[in-house]
Amino acid sequence: MVYEKRYPNGLRLVVKRMEGLLSVTMGILVGTGSSVETDSEDGISHFIEHMQFKGTKKRTAFEISDAFDRIGAQVNAFTGKDVTCYYSKCTSDHTAEAFEILSDLFLDSTFPEEEMEKEKGVVCEEIAMTEDAPDELCLDLLSSAYYGNDGYGRNILGPASNVRGFTREDIFRYKAERYCPENIVISFAGGVDMQTAEALVETCFGKLEKGNFRPRDKQIRTCGLSLIKTKPIEQVHIAIGYPSLPREHELSDALQTANSVLGGSMSSRLFQEVREKMGLAYSVYSYLSAFQECGSLVIYAGVNPANADKAYGAIGKVVADMKKEGIGRDEFLRGREQMKSAMLFSQESTPSQMLLYGKHMLFNDALFDFEGKLDAINSISEDMVREAISLTFPEEGKAVAAVGNIDKPFAL
């Protein structure tokens, strides 16, 4: 069963009860991330996410961690382009304790100066770590090549120079504008009932006053660039982005079916052609990166520098063949079945369900309709897939990024 409650201050609660489970995942989702930051704020959403764990009015940073450990709970957070999420997973009998601690770090963090200075060093090390992860670096570079340096093109971590300069006043100013109840969804999934969840939210968030939330306009543009970053490493990492469909487009499920055929599994065309037949890559795949206003289909491969041009050409041919010929009946059925199984598998994971229902409420202001989604997947036709393919893969707007021992960009 799925329940929702809306509060006068704009806060929304969604609860997915999963019968027979002995654990609960709870999340506090905020509709903010790197895509709404200004140049001077670049990286602040992520830095705030780190700092929320560094002490509250009644707990030190250690006491927060210790409190979760004492009840055997897991806790973490992440920052994305358009969402920041704080979450914990615990056994059902410790739901109340875990939510109280999670609410405490979310609502009452004090951002001590000494902790800020230490955490700036931690985040700068995280930025440096990304420089040593060329696949991640390549995908970040692709965002810049595709969207430019603002909006969805922003790096979530931000530049180290910004991180070092953030002040407590910057944090409070940003939180006052973005961490408003109108921009927050609380999501529970697992062995928890609506009455318990509702009582906990009333206790911990009941006094949260309505904020002054105003949505920020995003700079949305496609740049269609080809960028490289030269590094003395063993592989060339290649990422290609094609203009695609926004998250709630009527053909988004059909496009996901096409993506499964293109590069979503071991039987996909990219895997079979680039890896199995040509032996050019160990890792090659594609995925959809969809937002409320726009989206892209991304292809990634890691290859030997001597084979970089050959692999890039092979990927281009696989895409060209799909644009020209579409997909076959067997491929269509296989891709659609993969979507269905992924949906059903996710039903057995409390973190997946917490995010699924929480994000849908945050972005669409409505309950996610699981049965409706399954019906929509079952109703996908081959004609719909062909139409989705025709709306994707335009050469205009295509972007390419490469990281490795390479000295010139790939031709668009």
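Here's the yes/no breakdown for (1) surrounded by fewer than 16 Cβ atoms within 10 Å (Cβ to Cβ); (2) under 22 Å from the mean Cα position of the chain (by Cα); (3) at pLDDT 95 or above:
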| position | (1), (2), (3) |
| --- | --- |
| A145 | no, yes, yes |
| N149 | yes, yes, no |
| N162 | no, no, yes |
| R168 | yes, no, yes |
| I171 | no, no, yes |
| Y179 | no, yes, yes |
| I184 | no, yes, yes |
(message) Any residue at all in region 81-91 that's under 24 Å from the mean Cα position of the chain (by Cα) and either farther than 29 Å from F188 by Cβ or surrounded by fewer than 16 Cβ atoms within 10 Å (Cβ to Cβ) (or both)?
(response) no
(request) List every residue pair whose Cβ atoms lie under 7 Å apart, where the two residues are 6 or more positions apart in sequence or sit on different chains, the first residue falls within region 373-397 and is farther than 15 Å from F332 by Cα, and the second residue, located anywhere, is open to solvent by 70 Å² or more (accessible area, probe 1.4 Å) and not aliphatic (A, V, I, L, M). (result) F393/K323; G397/T222
(request) Scan region 217-236 for residues that are touching a strand residue (DSSP E or B) at 6+ places or on another chain (Cβ under 7 Å) and within 28 Å of E37 (Cα to Cα) and jot them down. (result) T222, C223, G224, L225, S226, L227, I228, K229
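Which residue out of S260, S267, S283 is assigned to a loop (DSSP other than H, G, I, E, B), closer than 27 Å to R329 by Cα and modelled with pLDDT of 95 or more?
S267 is the lone residue from the list that is assigned to a loop (DSSP other than H, G, I, E, B), closer than 27 Å to R329 by Cα and modelled with pLDDT of 95 or more.
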(message) Among the residues of region 98-129, what is the count of those that are open to solvent by 20 Å² or more (accessible area, probe 1.4 Å) and within 30 Å of I233 (Cα to Cα)?
(response) 8
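Of these, G72, G31, which one is open to solvent by less than 20 Å² (accessible area, probe 1.4 Å) and at pLDDT 95 or above?
Working: G72 fails: open to solvent by less than 20 Å² (accessible area, probe 1.4 Å).
Sole residue among the options that is open to solvent by less than 20 Å² (accessible area, probe 1.4 Å) and at pLDDT 95 or above: G31.
Please find, among E248, E169, E198, the residue that is charged (D, E, K, R), part of a helix (DSSP H, G or I) and farther than 30 Å from H94 by Cβ. Break it down into steps so the answer makes sense when it comes.
Details: E248 fails: part of a helix (DSSP H, G or I); E198 fails: farther than 30 Å from H94 by Cβ.
Testing whether each residue is charged (D, E, K, R), part of a helix (DSSP H, G or I) and farther than 30 Å from H94 by Cβ leaves just E169.
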(request) Kindly list the number of the only condition in (1) at positive phi; (2) surrounded by 18 or more Cβ atoms within 10 Å (Cβ to Cβ); (3) among the acidic types (D, E) that fails for D365. (result) (2)
(request) Scan region 4-43 for residues that are within 20 Å of E182 (Cβ to Cβ) and among the basic types (K, R) and jot them down. (result) K5, R6, R12
(request) Can you run down the residue pairs with Cβ atoms below 9 Å, 6 or more apart or on separate chains, where the first is in region 340-364 and farther than 20 Å from C90 by Cα and the partner is surrounded by fewer than 20 Cβ atoms within 10 Å (Cβ to Cβ) and among the β-branched types (V, I, T)? (result) K340/I377; M343/I377
(request) Look at region 375-395 and say how many of its residues are open to solvent by 30 Å² or more (accessible area, probe 1.4 Å) and closer than 21 Å to Q292 by Cα. (result) 6
(message) Give all pairs with beta carbons closer than 9 Å in which a residue from region 49-67 that is within 18 Å of V123 (Cβ to Cβ) meets a residue that is hydroxyl-bearing (S, T, Y) and part of a loop (DSSP other than H, G, I, E, B); count only pairs at least 6 apart in sequence or on separate chains.
(response) K54/T60; K54/T110; G55/T110
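Name the single residue that is surrounded by the most Cβ atoms within 10 Å (Cβ to Cβ) among those in region 285-314 being of a type in the set (A, V, I, L, M, F, W, C) and farther than 26 Å from I380 by Cα. If you could, list the steps in order and put the result at the bottom.
So in region 285-314, the residues of a type in the set (A, V, I, L, M, F, W, C) come out as 288, 290-291, 294, 297-299, 301, 303, 306, 308, 311, 314.
Add one more test, that the residue is farther than 26 Å from I380 by Cα, and what stays is 301, 303, 306, 308, 311, 314.
Working: A301: 29, V303: 25, A306: 9, A308: 21, A311: 21, A314: 21.
Among those residues, the one meeting the criterion is A301.
The values are calculated or read from the model by the stated rules, or taken from the named source; none is laboratory data. Predicted model, so just to flag it, every value in this text is computed and none were measured. Cβ atoms come from the backbone with ideal geometry, glycine included; neighbour counts cover every protein chain shown. Protein only, heavy atoms only, side chains kept; ligands, DNA and RNA dropped before computing areas. Shrake-Rupley method; radii C 1.70, N 1.55, O 1.52, S 1.80 Å.
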